[in-house]
1. For segment 208-322, which fully contained helices (runs of 4 or more DSSP H) count at least 1 residues that are more than 18 Å from the chain's Cα centre (by Cα) and surrounded by 15 or more Cβ atoms within 10 Å (Cβ to Cβ)?
2. Could you pull out the residue among L131, L127, L122 that is buried (at least 16 other Cβ atoms within 10 Å of the Cβ) and either away from ligand 2 (no atom under 16 Å from the Cβ) or not charged (D, E, K, R) (or both)?
3. So which residues in segment 77-123 are of a type in the set (S, T, Y), within 23 Å of H316 (Cβ to Cβ), part of a helix (DSSP H, G or I) and away from ligand 1 (no atom under 16 Å from the Cβ), if there are any at all?
4. Take the residues in segment 170-207 that are of a type in the set (G, A, S) and surrounded by fewer than 24 Cβ atoms within 10 Å (Cβ to Cβ); name whichever of them is farthest from R88 (Cα to Cα).
5. So which of P36, P24 is more than 11 Å from ligand 2 (Cβ to nearest atom), under 25 Å from the mean Cα position of the chain (by Cα) and not assigned by TED's automatic domain parsing to the domain that holds A259?
6. Would you mention how many residues in segment 49-79 are within 16 Å of ligand 2 (Cβ to nearest atom) and either outside the structural domain of R39 (by TED's automatic domain parsing) or farther than 23 Å from V357 by Cα (or both)?
7. Of all residues in segment 72-90, count the ones that are surrounded by fewer than 19 Cβ atoms within 10 Å (Cβ to Cβ) and either of a type in the set (S, T, Y) or in contact with a Gly (Cβ under 6 Å, 6 or more places away or on another chain) (or both).
8. For the subset of segment 22-52 comprising residues that are surrounded by fewer than 16 Cβ atoms within 10 Å (Cβ to Cβ) and at pLDDT below 95, which member is nearest to ligand 1 (Cβ to nearest atom)?
Amino acid sequence: MAAFLPPEQLLDCVHCGLCHSACPTYVELGTEADSPRGRIHLMAALQDDTCTLDDTIVGHLDLCLGCRGCETACPSGVRYGALIEAVRPWIETRYRRPATVRIRRWATLAVLPYRGRLAALLAPLRLLERLGLLAGLRDAVRRLFPSYRYVLGLLPSSLARAVVPERVPAYGTSRQTARLLVGCVMPELFGTTVENTVEVLRKIGVTVLVPRRQGCCGALSLHAGDRETARRLARANIEAFETSDPLAPIVVNAAGCGACLREYGELLADDPRYAARARRLAARVRDVTEIVDAGPLPPFPPASGSCRVAYHDPCHLAHAQGIRDAPRNLVAAIPGYTLVPMEDEDLCCGSAGHYNVMQPAMARRLVARKVAAIRASGADVVATANAGCALQLEAGLRAEGLEIPVRHVVDLLADAYRR
Ligand code: SF4
Ligand code: SF4
């Protein structure tokens, strides 16, 4: 069989097992084949042609969230994310999944990365929302089908689209110009967070440009093993974001998109026309929390009360980009807000791109673990820095009958400035 990886990359793993406690699927199941070390063994066996690509092997590899918690924990510097991203396209060309799984994957990947298609799909729901019927319909379905409470919770409570002009000037003197990646899902399902991102950037003196020809970063396709589509989307974004200023930042408010953009150099390393341009774009990527934390933040209006906030680390921010302090600093800077510790703050919530659609059973188990940790923390509000995590956590909390709000850090900041 053809190799999908240079063998030395698989040999980096010394099988110490120190990554096990950082792996959500191992923590849940306790099985070696669902641990990072076990999966690396499986990949090596596939590459050496000493095991057969069957339902069981694919099941263990599919159950991996790609959260990269194992990378943070690994003392040997194993780049697990690159391993799993290499094996997935290889599997897709050799293994035929059951028809129901193929249909679900096709539907997800044919819609989510394309903003226009997603908007068309959401149009009837938006009409119901405008007529004031959506919330009632949602409640009725919840009552009639209690087992769908969690799945229904994965649809945001508001379907407001982001309306952002191509250029939005900073308030007062502009000290920096940044280009904003809005991508595909964010402006359609998390419009308020996109608008709050722009608002907070303007507050700290940033003029925001929103290139019109941009699109999906490619992360959804990449994680599903469709590397060619991810490369096509990456090339389109390079064209959209290229500028003569090599330092002009590209701001991202979705952790998975930021991590993907930062890896464009590797994704297009063998493309003579785009490789260098991809590396230049990757070097300009900043998470919104990094830019805002570098501030300076203008003063907030005084607090009207106090609030305990637990912070959940999005995997692709903490593990893939190493950003943990900036979002916590911002929450702590809001008057009246106190950060409280939460168990397993950086263990995946089960959102992981479209994982909660493709692997709903494990996604539910992981979010139930998070809900227990949130409950034990005594938090009044949960903060995170990725809208997909916020939605997953909120769906988990609602399914347990808890009304604790979950907010993106930029939403908390924008609300604090408005009060
Ligand atoms: S990426 Fe996440 S789920 Fe996959 S092996 Fe690593 S820690 Fe486990
Ligand atoms: S991935 Fe790293 S931490 Fe995990 S078993 Fe291999 S060497 Fe040890």
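The values are calculated or read from the model by the stated rules, or taken from the named source; none is laboratory data. Since the model is a prediction, treat every value here as computed from it, not as a measurement. Note: ideal-geometry Cβ built from the backbone for every residue, glycine included; neighbour counts use all protein chains shown.
1. Passing ranges, in order: 227-241, 264-267, 275-283, 288-293.
2. L122
3. The one that is of a type in the set (S, T, Y), within 23 Å of H316 (Cβ to Cβ), part of a helix (DSSP H, G or I) and away from ligand 1 (no atom under 16 Å from the Cβ): T108.
4. G172
5. None of the others qualify; the one that does is P24.
6. Counting residues in segment 49-79 that are within 16 Å of ligand 2 (Cβ to nearest atom) and either outside the structural domain of R39 (by TED's automatic domain parsing) or farther than 23 Å from V357 by Cα (or both) gives 9.
7. Qualifying residue count for the region: 3.
8. If we take residues in segment 22-52 being surrounded by fewer than 16 Cβ atoms within 10 Å (Cβ to Cβ) and at pLDDT below 95, then A45 is nearest to ligand 1 (Cβ to nearest atom).
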